[in-house]
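Take a look at the structure set out below.
The values are calculated or read from the model by the stated rules, or taken from the named source; none is laboratory data. Being a predicted model, the structure only gives us computed values, none of them experimental. As a convention, Cβ positions derive from the backbone with ideal geometry for all residues, glycine included, and neighbour counts pool all protein chains shown. Accessible surface is based on the protein model in full, side chains and every heavy atom, while ligands, DNA and RNA are left aside. Shrake-Rupley method; radii C 1.70, N 1.55, O 1.52, S 1.80 Å.
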Amino acid sequence: MVPMTPEVRIQGLQQMAADFSAYLKTVPGTILSPNLRLGVTICARDALKCSSCHRALKDVVCLRPGSSFHAYCSEMGHGPEFPVAPESDRNKKIEACLVNIVHAVVCHQNRLDEIWYNDAIVDLRESGILDVYAKEFNCTDDVDEMNLASSAVFIEIVILAAASHGIYSTFLGLGKLGGLDGNIPPLPSWDEMRGAPGPSNIRFSLLLNRVRQYDSIANAPYFHSWDADKLCPEYAKVEKDIWKQLASPQMPNICGNFSPRDNVGHEDVMKENATSEDCNGDRERALLDFGSAMANLAVDVQKAPSALEEVKKIGGMELAVEAVCVAGAFEMMTKVVDASGRKAQSKQLLKVMQGLMFMLKHRVTIGIIGASVMAPYVVNKLARWA
């Protein structure tokens, strides 16, 4: 067995990035076309360059309670534009909707709430992104089917954005550590996406015997793998191995199952990143500074590598690489959870979070280390206890 040295971990991260790129080229999406899926992943990386998002973050814009952050975000004038393949016709309405959602997930995670989620779902419906799906299945006027399709395309967007950003932020944090050149592993080119399979267009209205929703936790619906009808033709659109993984007790009960392959892929990326390392004293302070820098990449992308140098001085390469890995995993996990229309903290939620913070305190470990390991378990419990 190869020892898990920092160099081996970095090689694993590079392989993870290559696997994600290959995944985009070879695995069918749920509803989005291959080009839109690639566009979302590029947009997630471009979001950190958005001057409008920078201004909103630095000015700490305060909105009236009950205001729509999605509406505010829509008026920012984001840049760069949503990326499209050179030969594609532009659809400004769809592109604007996708940019608003992706930039909100990447840069404004703390503002994502149930109002934002509801507005994002409405915007997706009105943008025309589901027109091909609706035409193929003649379901434009079927409210239930279109609501489930909206949930599916939403979580497909969010998972792709979170995974792409998580990988990007991991390598931004690493900088030139361990002999890296500071470059980010590339996503596929538009030419490479020409052979990518089209979407599965899973009809969840036919597939599911039950759609679940815990209003005390989040607005987004979800389902267990056993809520799906195995005899339904829609069931065969997803590989048996994916259904098996979705049935694992380690998989969190959130809306991710509406994009089943992406949900499993997202978990695989997080597993590559997430392990834990105890720390104390100066280590804890250095890690806190680094964690803060990673959480604020949208404000200042340059701080993370220098903060990581301090971690390296105190804990060596092993701790530095470990910190980046878990910070990246935390970015991926929390963005999906926060985008699901999370509600104000309930008593049950506070109880679980207090327990989590107690464990973190006595591990003398900051939030980015350990929280990502515990999060799937915690989210599972929240969904069951709500």
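The set of residues in segment 20-34 being buried (at least 17 other Cβ atoms within 10 Å of the Cβ), out of contact with any Lys or Arg (no Cβ under 9 Å at 6 or more places or on another chain) and assigned to a helix (DSSP H, G or I) consists of PHE20, SER21, LYS25. Selection of segment 147-175 for residues being open to solvent by 10 Å² or more (accessible area, probe 1.4 Å) and within 30 Å of VAL211 (Cα to Cα) yields ASN147, LEU148, SER151.
Restricting GLU75, GLU81 to residues that are open to solvent by 40 Å² or more (accessible area, probe 1.4 Å), out of contact with any strand residue (DSSP E or B) (no Cβ under 6 Å at 6 or more places or on another chain), free of Cβ contacts under 8 Å to residues at least 12 places away in the same chain and not polar (S, T, N, Q) narrows the list to GLU75. Working only within segment 279-304, note down all residues that are within 26 Å of the chain's Cα centre (by Cα) and modelled with pLDDT under 70. Within segment 279-304, ALA298, VAL299 meet the criteria. Please work out if VAL264 is β-branched (Val, Ile, Thr), over 20 Å from the mean Cα position of the chain (by Cα), open to solvent by less than 20 Å² (accessible area, probe 1.4 Å) and at pLDDT 80 or above. Taking the combined requirement at face value, the residue does not satisfy it.
Looking at segment 191-228, which of the residues that are of a type in the set (Val, Ile, Thr) and modelled with pLDDT of 90 or more is least open to solvent (accessible area, probe 1.4 Å)? Give the derivation first.
Step one: filter segment 191-228 for residues of a type in the set (Val, Ile, Thr), giving 202, 211, 217.
So of that shortlist, the ones also modelled with pLDDT of 90 or more come out as 202, 211.
Working: ILE202: 2, VAL211: 65 Å².
Among them, the one singled out is ILE202.
ASP141 meets the conditions (1) outside any helix (DSSP H, G or I); (2) modelled with pLDDT of 90 or more; (3) open to solvent by less than 50 Å² (accessible area, probe 1.4 Å) in every case but one. The failed one is (3). The set of residues in segment 229-252 that are in a loop (DSSP other than H, G, I, E, B) and surrounded by fewer than 19 Cβ atoms within 10 Å (Cβ to Cβ) comprises ASP229, LYS230, LEU231, CYS232, GLU239, ALA247, SER248, PRO249, GLN250. Those residues that are within 21 Å of the chain's Cα centre (by Cα) and either touching a residue at least 60 places away in the same chain (Cβ under 8 Å) or more than 13 Å from CYS255 (Cβ to Cβ) (or both), I need them from segment 219-234; list them, please. Correct list: ASN219, ALA220, PRO221, TYR222, SER225. Taken together, the residues in segment 84-101 that are open to solvent by 50 Å² or more (accessible area, probe 1.4 Å) and part of a loop (DSSP other than H, G, I, E, B) amount to 5.
Within segment 305-330, the set of residues being farther than 22 Å from VAL8 by Cβ and either modelled with pLDDT under 80 or of a type in the set (A, V, I, L, M, F, W, C) (or both) comprises just one member, ALA307. Each residue in segment 176-190 was checked for being open to solvent by 40 Å² or more (accessible area, probe 1.4 Å) and either modelled with pLDDT of 95 or more or assigned to a helix (DSSP H, G or I) (or both), and 4 of them qualify.
The combined condition, being under 19 Å from GLY77 (Cβ atoms), at pLDDT 95 or above, among the aliphatic types (A, V, I, L, M) and crowded, with 18+ Cβ neighbours inside 10 Å, is not fulfilled by VAL106. Which one is nearest to the chain's Cα centre (by Cα), of the residues in segment 191-218 that are part of a loop (DSSP other than H, G, I, E, B) and over 20 Å from ASP262 (Cα atoms)? Per the stated criteria, the residue is ILE217.
Here LEU38 meets each of (1) open to solvent by 30 Å² or more (accessible area, probe 1.4 Å); (2) at pLDDT 90 or above with one exception, condition (1).
Going through ALA47, ALA17 one at a time, which residue ends up being touching a Cys at 6+ places or on another chain (Cβ under 6 Å) and open to solvent by less than 40 Å² (accessible area, probe 1.4 Å)? Lay out the reasoning, then the answer.
On the way: ALA17 fails: touching a Cys at 6+ places or on another chain (Cβ under 6 Å).
Among ALA47, ALA17, only ALA47 is touching a Cys at 6+ places or on another chain (Cβ under 6 Å) and open to solvent by less than 40 Å² (accessible area, probe 1.4 Å).
Taking segment 124-138 as the range and being over 19 Å from the mean Cα position of the chain (by Cα) and either open to solvent by less than 50 Å² (accessible area, probe 1.4 Å) or closer than 20 Å to ALA71 by Cβ (or both) as the test, the residues that pass are ARG125, GLU126, SER127, GLY128, ILE129, LEU130, TYR133, ALA134, PHE137.
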